[in-house]
Structures are given as C-alpha cells and as structure tokens.
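Visitor: Here's a structure for you.
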C-alpha cells in the first residue's frame with residue numbers, strides 16, 4: 001500500500017505545484033475522464049475510516065465474525081483530516097472522505113444517491129452516511145473531567161455541537177457544574193478534535209481554573225490512551241468495541257455525517273453507494289466510468 005504521512009505530504013506540496021490553499025496552480029486544465037482515480041483513505045485506527053468502510057460495505061464480515069477491510073492497496077493514506085483535504089484540493093483526480101463538520105470550500109462534497117451531504121439532511125434522515133462522535137472515560141474519572149463532560153452534554157455544549165453537527169440532546173438543561181480547578185488531557189480522533197477545541201474554549205469561559213490539553217491523533221489511539229491512563233478523556237469518531245468497553249464507558253456527544261469529497265474542478269456531482277464502494281475497493285479505476 002502506498003502511504004504518505006502528514007508531514008511528508010505537507011513538505012511535498014510545493015513540489016506538486018499546490019498553493020497555500022491546497023489548489024493546483026493549473027486551474028484552467030480540462031478534466032480528463034480517461035485519467036485514473038486517485039483514491040485517498042485514512043489510516044488504520046482512524047474512526048472516520050472505520051465508519052466509512054462499514055457504511056459503504058467496504059468492510060467484509062466473515063461467517064466467523066472476522067472483519068476484513070477491502071480498501072484498495074493503491075490508496076494514498078492521509079493521517080489527518082487536514083491532510084486529506086489538502087491532498088484532494090491539490091489533486092484534480094483525487095477522491096477521499098472527511099467529517100461533514102470539517103468540510104470547507106477547498107473541496108467539493110458529492111451527493112450520495114441524489115441526496116446532498118448537509119447537516120440538515122443528516123438530521124432529517126435523508127442522508128444516511130453518518131456516525132457518532134463519542135468520548136470514552138474510565139470509571140475513576142477526575143472531578144474536572146466529570147464537570148467538563150457535564151458541560152458538553154448541557155445546553156451550552158450541545159449548542160456548540162449544533163453549529164456544525166447534530167446534537168444528541170437539543171433540549172438539554174443549562175450547565176450547573178461545580179467548576180473545579182485542575183488539568184486534564186483529552187486525546188484521540190482528528191475528526192472530533194475541531195468540536196472538542198470549541199467546547200474547550202467555551203468551558204474555559206465558565207471555568208477559568210481549568211486547564212484542558214487536547215492531543216490529536218486517531219480514535220484507536222485516543223481509546224488506548226484512555227485505557228492506559230495516558231489521557232483523561234478519549235475521543236472516538238466510531239462506536240467502541242466490546243473489548244474496549246470492558247475498561248471504558250462511552251458517551252455520545254454529537255452525530256456527524258461523512259462526506260465523499262473530490263477536487264473542485266471535478267464535474268462529478270453524485271455517486272451511488274455501490275459506486276463509492278467500487279471506487280474505494282479498486283474495482284472502478286477510471287473517471288470515465290463515473291463522469292458522463
């Protein structure tokens with residue numbers, strides 16, 4: 001499998017002719033449907049990848065319960081959401097996927113089965129490509145971590161979640177915590193991190209005595225850090241596995257959609273779920289099979 005780390009990819013951008021906004025300098029080039037599809041996927045351990053391969057049937061389950069990821073071995077690997085967007089924004093023939101809440105105007109999101117990838121459509125159930133944002137904690141969570149979680153699930157925290165995601169409780173009561181002093185570490189999913197940063201900033205306004213450090217990695221790393229006591233709260237953009245729930249409790253804080261993204265010069269606007277699966281498993285390799 002071809003892998004490009006976040007650091008190497010960022011260093012390579014000037015050599016690829018990509019500007020600071022992640023756009024190719026040759027914006028006048030026509031889209032050539034005979035070109036190969038450049039698949040970009042997230043790394044193993046990413047909750048976004050786990051949710052994506054499950055929702056699109058790319059993960060194959062055996063009769064014995066085993067799971068096999070059939071993502072094409074030709075996929076370039078982006079180890080963070082920002083790296084994924086930079087890659088697609090700089091590659092006219094690339095295709096990838098990100099958290100809907102992280103979507104910006106440097107890339108284009110495809111409709112799936114004719115339904116636009118929007119928060120409103122996730123909320124009304126017409127866009128079914130969604131997954132939970134969870135936090136994971138041990139039983140002996142600290143008073144500060146407990147108070148911060150109460151803030152996240154209160155009206156103030158859920159209002160922040162509602163800005164780009166689907167809140168889990170739109171009628172949550174106002175925060176009435178104890179606001180203890182202290183320091184905690186929150187670690188894990190790069191998809192959950194943007195929301196967690198906003199929640200941390202808002203909580204600091206109501207509890208200036210708190211210090212919250214955020215360490216961005218991926219869902220599996222965050223869960224492992226919580227299990228091992230390296231962090232107080234783990235972030236995961238997937239459901240926790242049974243083996244993980246033996247040591248941790250999972251709390252859902254928001255619901256997020258997944259957007260399949262392409263370069264803004266790509267004329268494609270819609271794919272079926274079957275077409276997405278075919279692309280990411282390597283069955284469909286040319287844009288001519290997708291673009292009229």
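Visitor: Against the longest alpha carbon principal axis of the chain, how many degrees, from 0 to 90 and to the nearest 10, is the axis of helix 143-153 turned?
Guide: It works out to around 50 degrees.
Visitor: Rank these for me by crowding, 42, 183, 238, 273, going from fewest to most other beta carbons within 10 Å.
Guide: Working: 42 30, 183 12, 238 23, 273 15.
So the ranking, lowest neighbour count to highest, is 183, 273, 238, 42.
Visitor: Could you list 235, 84, 216 in order of exposure, starting from the residue whose Cβ has the fewest other Cβ atoms within 10 Å?
Guide: Final ranking by Cβ density, sparse to dense: 216, 84, 235.
Visitor: Let me ask something else. Can you bin the chain into rounded, prolate or oblate? Criterion: square roots of the alpha carbon gyration tensor eigenvalues sorted a ≥ b ≥ c, rounded for a/c under 1.5, prolate for a/b above b/c, oblate for the rest.
Guide: prolate
Visitor: Something else: To the nearest 0.05, how large is the calculated FRET efficiency for residue 155 and residue 106 if R₀ is 30 Å and r is the Cβ-Cβ distance? Show your work: numbers first, answer last.
Guide: Numbers: r = 33 Å, r/R0 = 1.09.
The pair residue 155/residue 106 has a calculated efficiency of 0.35.
Visitor: So, one more: What is the order of 280, 31, 148, 175, fewest Cβ neighbours within 10 Å to most?
Guide: Ordered by Cβ neighbours within 10 Å, fewest first: 31, 175, 280, 148.
Visitor: What does DSSP give for the chain in terms of the percent of beta bridges that are antiparallel, rounded to the nearest 5? Walk me through the intermediate numbers first.
Guide: Values: 26 of 44 bridges.
So the antiparallel bridges amount to about 60 percent of the total.
Visitor: For the chain, take the longest principal axis of its alpha carbons; what is the angle in degrees between that and the long axis of helix 193-206, to the nearest 10 within 0 to 90?
Guide: 30 degrees
Visitor: Pull up the DSSP beta bridges for the range 132-256 and report the antiparallel fraction as a percent, rounded to 5. Provide the component values of the computation, followed by the final result.
Guide: Values: 11 of 22 bridges.
Around 50 percent antiparallel, to the nearest 5.
Visitor: Round to a whole angstrom and tell me the spacing of the C-alpha centers of the range 48-83 and the range 264-292.
Guide: Value for the Cα centre distance between the two parts: 17 Å.
Visitor: Name the most mobile residue of 201, 74, 43, meaning the one with the largest mean-square fluctuation, in a Gaussian network model of the chain with Cα contacts below 10 Å.
Guide: 201
Every number in this text was worked out from the coordinates using simple rules, so none of it is lab data. Values in this document were obtained by computation on a predicted structure and should not be read as measured data. Don't worry about glycine lacking a Cβ; one is built from the backbone with ideal geometry, like all the others, and counts go over all protein chains shown.
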